1. Taking helices (runs of 4 or more DSSP H) that fall entirely within the range 202-316, which contain at least 2 residues that are surrounded by 15 or more Cβ atoms within 10 Å (Cβ to Cβ) and among the aromatic types (F, W, Y)?
2. Looking only at the range 95-104, filter to residues that are open to solvent by less than 70 Å² (accessible area, probe 1.4 Å) and touching a residue at least 60 places away in the same chain (Cβ under 8 Å); which one of those is farthest from T164 (Cα to Cα)?
3. Considering every residue within the range 21-33, establish whether at least one is closer than 24 Å to C328 by Cα, under 33 Å from the mean Cα position of the chain (by Cα) and either part of a helix (DSSP H, G or I) or modelled with pLDDT of 80 or more (or both).
4. If you go through the range 156-172 one residue at a time, do you hit one that is farther than 24 Å from E218 by Cβ, out of contact with any His (no Cβ under 8 Å at 6 or more places or on another chain), at pLDDT 85 or above and basic (K, R)?
5. With the requirement that a residue be more than 24 Å from the chain's Cα centre (by Cα) and hydroxyl-bearing (S, T, Y), what does the range 168-183 give you?
6. Take the range 104-130 and flag every residue that is touching a Gly at 6+ places or on another chain (Cβ under 7 Å) and under 12 Å from V194 (Cβ atoms).
7. Which condition does G178 not pass, out of (1) of a type in the set (G, A, S); (2) farther than 14 Å from L144 by Cα; (3) in contact (Cβ under 8 Å) with a residue 24 or more places away in the chain, if it passes all the others?
8. Cβ contacts < 6 Å: first residue within 18 Å of K235 (Cα to Cα), restricted to the range 254-274; second residue open to solvent by 70 Å² or more (accessible area, probe 1.4 Å) and at pLDDT 75 or above, any location; separation 6+ or different chain. Result?
Amino acid sequence: MSLPVIHVWKKAPFIRYLFPLIAGIVLQWNLQIPPGILWFILVTSSITTITFFLIPFFERYKLSALSGLAVTLLFIALGGLLSWYKNIQHDKYWFGKKYKNENALIVTLIEIPVEKTKSYKANASVDYILQNDSCIKTKGTIILYFKKDSTPSTIGYGSQLIITKPLQEIKNSGNPGGFDYKRYSLFQAITHQVFLKENEFEILSTTNKNFFQQFLNESRAKVLSILRKNIKGEKELGLAEALLIGYKDDLDKTLVQSYSNTGVVHVIAISGLHLGLIYWLLTLILKPLQRKRVKWLRPALILAGLWLFSLLAGAQPSIIRSAVMFTCIVLADSLTRKSSIFNTLAFSAFYCCAITLIGFGMLASNYHTLLC
């Protein structure tokens, strides 16, 4: 007697939710469906799904196709709504709705300035627009370029500036088939940029820092200083920084291009391999904690180590996806439950799509970060 066939989507239910979610994101991005229609579909399909569980069991079996359709539409609408609300241009507080070239801006640096060939580069959040003696609170992110000879040493993470120079909208290079940098930036809520000279900005005495982000920045700087002290070659140092902590600003562009030409540029990006080694090392070190009284401490320390490294390495999509997968594995192991690798993979993709909201910018962002 042959055993019944168990399809992969029954072992991994998140696969059935993942594809409709991705479909909703793609449809919304390309068709720009009004959110009112998506909300109507979401509410209607939710009510249908809930009602399905209130009817008698045998009636449910007859209407299983309707239930599956309702769940599919629910996640398509959810993906569309996530895509809509992720777009900073749809936010009523987006600075671009009220900004004019003659307006001044109050911005906060959300990262440490990175040295480039002729400038320093940093992302900044747009906090306020100064307009007609009024201060309008806004949202959004811009890229700041500081001329090297006009950048004070006091500028760093959390510094607040008043900018008077008009912003420039981010545009593509115009090369057919080239990288869509404008879309990539929009995925990160970045829409404008500005190149600043000494007399075009003013440093405020106030700062706006997040304690945890400050801790991550200082920890990363400490690791980088150790690497720079012990590795002398520039190419070797840049590669070590990228492989060990995800810092790519010192990578040699010729080396990156060589990796790209041979099709192995993904090796430089921190991903599942690095996290897998850390997971193996932590499980080995914490093996004595498998005793019953402190059994809960082992998975807690493993998860803390995995996520701390993920955040320290820049929280790139590739490593966050891997961190979610290993989180599922650790939790299943601590609960003595056997996990399905397909379900874990589908859940990780589902989580990354839902949290980052625009799933198709992930791979492109990693590749572009390496080359730019």
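1. Per the criteria, 297-312.
2. G96
3. Within the range 21-33, one or more residues are closer than 24 Å to C328 by Cα, under 33 Å from the mean Cα position of the chain (by Cα) and either part of a helix (DSSP H, G or I) or modelled with pLDDT of 80 or more (or both).
4. yes
5. The one that is more than 24 Å from the chain's Cα centre (by Cα) and hydroxyl-bearing (S, T, Y): S173.
6. Matches in the range 104-130: V126 only.
7. For G178, the exception is condition (3).
8. L255/K235
The values are calculated or read from the model by the stated rules, or taken from the named source; none is laboratory data. Worth saying up front: this structure is predicted, and the values here are computed from it rather than measured. Cβ atoms come from the backbone with ideal geometry, glycine included; neighbour counts cover every protein chain shown. What goes into the accessible areas is simple: the full protein's heavy atoms, side chains included, and nothing from ligands, DNA or RNA. Shrake-Rupley method; radii C 1.70, N 1.55, O 1.52, S 1.80 Å.
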